[in-house]
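One structure is given here, and the rest of the page talks about it.
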Amino acid sequence: MSSLDSIAREASRLLRESKYAVVFTGSGISAEAGIPTFRGKDGLWNKYRPEELATPAAFATNPLRVWKWYAWRIGLVLRAQPTIAHRAIAELEEMGIVKAVVTQNVDGLHQRAGSKNVIELHGSIMRARCTECGYKWQIERQQSDEELPLRCPKCNALARPDVVWFGEPLPSDALYAAYREFSKADLVVIVGTSGVVEPAGSMPLITLRNGGKLINVNLERNRYSGIATISYHGKSSEFFKKLMSLMR
Ligand code: NAD
């Protein structure tokens with residue numbers, strides 16, 4: 001039996017026995033949809049430095065440059081389709097096994113795959129927010145350079161992407177909702193995250209401290225590899241394809 005076979009079998013047993021399973025995802029789950037991760041091989045930050053683009057200081061210095069980078073990423077997200085992993089997670093929720101998805105991602109692919117209870121810790125790239133009046137609106141299409149930087153349709157002040165940048169606090173409603181889910185959970189399935197961005201990265205430890213278990217699916221070893229009951233180091237699509245053949 002290959003290691004993927006035995007890992008998936010054990011994961012399916014843990015999922016079936018769980019009373020309250022929560023999924024925790026990062027950018028790795030969307031890598032196979034063509035949306036680059038920040039770290040790891042082919043990460044966005046190998047080409048761009050985060051402090052030049054995803055910080056309040058970068059936006060204050062050069063909002064147009066930051067908006068151009070976001071417009072490029074919005075284009076990637078609009079062209080992307082949910083992966084096998086996103087769809088499997090939605091199906092596990094439909095089956096009543098997964099109760100919530102807590103994601104660090106800003107791409108909305110979980111919702112497009114059909115997940116209902118999704119908590120976005122870092123906001124959404126498909127939403128803009130006015131820097132003056134706080135008005136928020138959905139972004140429906142990729143903007144041309146001439147339309148940037150976006151301005152508020154209500155008060156015409158400068159708008160920004162409604163995402164959490166480095167050094168900014170998480171939205172309190174998402175933060176509390178996530179703490180609630182991890183406190184209730186007896187199993188967390190972690191998918192495609194290095195786990196280094198805080199406070200998100202430490203949240204699965206709440207479940208662990210309460211006596212719950214972790215399943216860790218990530219291309220390379222990460223901070224959960226030593227503490228998870230099961231770790232699969234490979235592509236999330238491979239893992240979920242095998243897992244779902246055992247769950248259906
Ligand atoms: P990260 O870049 O730190 O880690 C991603 C992890 O995914 C890496 O360890 C990598 O080995 C793994 N990975 C890559 N391809 C994979 C695959 N096919 N299957 C399984 N694992 C794979 O990302 P992070 O932990 O999410 O933290 C960075 C921050 O970046 C987050 O706050 C998030 O908001 C933001 N981000 C989001 C998106 C998105 O929404 N799609 C994209 C880039 C960055």
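Overview of results
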read-out	value
Per-region count, region 2-34, residues farther than 25 Å from residue 105 by Cβ and either within 13 Å of the ligand (Cβ to nearest atom) or at pLDDT below 95 (or both)	2
Where residue 165 falls short, out of the listed (1) in a strand (DSSP E or B); (2) touching a Pro at 6+ places or on another chain (Cβ under 7 Å)	(1)
Some residue of region 67-75 being among the aromatic types (Phe, Trp, Tyr), away from the ligand (no atom under 16 Å from the Cβ), part of a helix (DSSP H, G or I) and at pLDDT 90 or above	yes
Candidate set from region 88-146 (those that are assigned to a loop (DSSP other than H, G, I, E, B) and on the phi > 0 side of the Ramachandran plot); member that is nearest to the ligand (Cβ to nearest atom)	108
Residue in region 205-218 that is near the ligand (Cβ under 10 Å from one of its atoms), modelled with pLDDT of 95 or more and part of a loop (DSSP other than H, G, I, E, B) present	yes
Hey, residue 245 crowded, with 19+ Cβ neighbours inside 10 Å and either more than 18 Å from the chain's Cα centre (by Cα) or assigned by TED's automatic domain parsing to the domain that holds residue 9 (or both) or not	no
Residues of region 206-240 classified as more than 23 Å from residue 87 (Cα to Cα), of a type outside the set (Ser, Thr, Tyr) and within 17 Å of the chain's Cα centre (by Cα), total	2
Which listed residue is surrounded by 15 or more Cβ atoms within 10 Å (Cβ to Cβ) and more than 15 Å from the ligand (Cβ to nearest atom), from 228, 185	185
Scan of region 76-87 for residues that are within 30 Å of residue 149 (Cα to Cα) and either modelled with pLDDT of 95 or more or part of a loop (DSSP other than H, G, I, E, B) (or both), ordered by number	77, 78, 79, 80, 81, 82
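The values are calculated or read from the model by the stated rules, or taken from the named source; none is laboratory data. Computed from a prediction, not measured in an experiment: that's the story for all the values here. Cβ atoms come from the backbone with ideal geometry, glycine included; neighbour counts cover every protein chain shown.
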